[in-house]
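Readers should treat all values here as calculations from the given coordinates under stated rules, not as data from a laboratory. Quick caveat: nothing in here was measured; it's all calculated off a predicted structure. In this analysis, Cβ positions are derived from the backbone assuming ideal geometry, glycine residues included, and neighbour counts consider all displayed protein chains.
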Amino acid sequence: MRGSRWTLVVPTGGDTLRQERLTRDLHDVLHRADGLVVGFHDAEGPTEPGRKGTGVGEVALWAATTAAVARPASQVLITLIKEWCAKERHRKVAVTIAGDSIEITGRPDAAQERMVREFQDRVAGDDGPEPDDGTA
C-alpha cells in the first residue's frame, strides 16, 4: 500500500444494526473504486499497536491507496464518501487520517463544505508515495 491508512466510521447514534448495514454499503462503494483498498477494522481490539480501538461494538473501515491515481487519493476518497452520504441526508462518516479528522454529512452546509476543503488541503501531503505509519 502506498498511502496512509484512513479510518472511516459511520455514526448511527448507537443503532448497531443500522451502523453495520451502512458501513457494509460504504465498504462496497469504496471497494469498487480504482486505487483504493478497503477493509474492516477489528472492533474488539486496537487497530494497530499503540492505537486505540474504534470503540466497543463499533463497526469501522480502513482505506488506503494502492497505486498512483490521477487525482490525490484524499480527493477521490472524500468525493466518494460525500456522494455516498448525499444519498440520504442523515448519513454521516467520520474520516480520520494521521490524527486529523472530519465528519462528512449527507446535507452539508457552506461551512461544512469549507471545512472539508480545508481538511483535504491539510491531508493532501499524505497522498504521496512514501508510506506513513502514523509515527509523526
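Each of residue 122 and residue 16 was given a label point 7 Å from its Cα along the Cα-to-Cβ line. The distance between the two points is 3.1 nm.
Over all other residues within a Cβ to Cβ distance under 14 Å of residue 108, the charged ones net out to +2, with Lys and Arg as +1 and Asp and Glu as -1.
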